[in-house]
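Below is one structure, written out as structure tokens; comments come after it.
What follows draws every value from the coordinates through simple rules; no lab data is involved. Since this is a predicted model, take the numbers as computed values, not measurements. Neighbour counts run over all protein chains shown; Cβ positions are idealised from the backbone, glycine included.
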Amino acid sequence: MAERENRRGRREDREETPEFADRLVAINRVSKTVKGGKRFGFAALVVVGDQKGRVGFGKGKAKEVPEAVRKATEQAKRQMIRVPLRDGRTLHHDIEGRHGAGRVVMRTSVAGTGIIAGGPMRAVFEMLGLQDVVAKSLGSQNPYNMIRATMDGLKKQASPRQVAQRRSKKVADILRKEDAPTEA
């Protein structure tokens, strides 16, 4: 662990955080035509998570791929969100996320289902630590918009404890009573 000063003179502890896993989702090569020819740059999209309920995504642009990935990873670590998981393996309820033309539907599922999702959404779920989820992307196939729509939906996820606290009730009052007889 190395200690150094940043631009504002504050001490910051730089440590590599091995508790976070990262997944490179997309790399885009862009070119700029200049007087002497073409200059190439790279844009990287990375998803980072601790596989225990925290996930974030970031994008980075640079002249070299490793630098773009590093920038994207740093941004993803800064923008992490916490998502409540049921039994540490699935979502509490079905949700829909939107961003621009991208729309994703995520459904909770029983143990043993696995991650049934495509491309960028699968990366988010794996980094989040979800094991059983069924998801479908509707609309945009752009990886940036798919990830943003997925994150939008995950931000709406609420556990029974959070709902009970918001309504000033007990968790038992919020959860369905399937064993209780219905009164007519």
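The table for this structure:
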read-out: Calculated [θ] (222 nm, deg cm²/dmol) that DSSP helices of n ≥ 4 give over the chain, each run adding -39,500 (n - 2.57); value: -8000 deg cm²/dmol
read-out: Net charge of Cβ neighbours under 13 Å - reference I116; Lys, Arg +1; Asp, Glu -1; value: +1
read-out: Among G56, G112, G97, residue whose mean-square fluctuation peaks in a GNM of the chain (springs only between Cα atoms under 10 Å); value: G112
read-out: Proxy reagent accessibility, fewest Cβ within 10 Å first, across L130, L91; value: L91, L130
read-out: Selected from P84, P120, P66 as most flexible by GNM, with the chain as the system and alpha-carbon contacts under 10 Å; value: P66
read-out: Charge context of R98, other residues only, Cβ under 12 angstrom, K/R +1, D/E -1; value: +2
read-out: On Cα atoms only, tilt of 143-155 relative to the major axis of the chain in degrees; value: 40 degrees
read-out: Viscosity 0.692 mPa s, temperature 37 °C, Stokes-Einstein D of the chain from Kirkwood C-alpha radius, µm²/s; value: 176 µm²/s
read-out: Prolate/oblate/rounded call for the range 95-165, Cα gyration tensor, a/c under 1.5 rounded; value: oblate
read-out: The range 29-113: GluC sites (Glu not before Pro) in DSSP loop, at most 16 other beta carbons within 10 Å; value: E64
read-out: Segment R161-I27, extension gain: residue separation times 0.36 nm, minus the distance between their alpha carbons; value: 44.3 nm
read-out: Set of lysines with alpha-carbon distance to K38 below 18 Å, sequence-local pairs under 8 removed; value: K61, K63
read-out: Size of electric dipole in the chain: Cβ of Lys, Arg +1 and of Asp, Glu -1, about Cα centre, debye, nearest 20; value: 1040 debye
